[in-house]
Amino acid sequence: MRLVEDDDQRAGLARRLREQAERDAAALVPRPRYPIFGLASPELEPVTIPQYEVESDHWLRITLGYGNPGSGPYVTVTTLVTHVLQGELGVELGEAASLPEVKDGAEVRDDEVVDLGWEDLPVGHAFVLRHRVSWAARVQGDLETVRVTLAGRHVDPAEVRLEEVKDLRPVIESRLLAVLSRLQPRASS
């Protein structure tokens, strides 16, 4: 990571970050035709939008991330419009759970147990993949227009509750403010 050392560089970076946030908001904030789901509990911060896909000015997929993606706890909630071509369920969940897990130099071996099956979770009936501290689940629900996939690390899926996210602007703005606050020069002691 490159350090931003002078005020001109800092101002330029802040301007570019604001412009990116404005582009993200323009693409995502106009109320979509479909609901977007996010994490109601547990409360994890920061909240980010690590991935989204837009086509013809309409969103197709939005992933909201909650917590620390590096060390955890961390949960992602991906809302996908159902008319988008869907991949194989096991592959999708494996990707959502970031398998194979390479943490601590240990990779998933062919002879290792990866639990895969249907479970009743608070978010609904779901097809769940579990491996070590990581898991992913595709929620089976009454939703006709979207599909919700969850993934987590160091969080029990039985603790996860979802809610509809009515406005993405606060997520975009809070992330921008968090990054901008880290750009402020530190006071010397």
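No lab work stands behind these numbers, since they all come straight from the coordinates. It should be emphasised that the depicted structure is a prediction, and the values quoted were computed from it without experimental measurement.
Quick look at the values:
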quantity	calculated
Residue-wise HN-Hα coupling along segment 162-176, computed from phi with Karplus coefficients 6.51, -1.76, 1.60 (Hz; x: Gly, Pro)	10, 8, 6, 8, 7, 8, 7, 4, x, 5, 5, 5, 5, 5, 4
5 angstrom amide H check on Gln140, placed H, neighbours 5+ away	His125, Ala126, Phe127
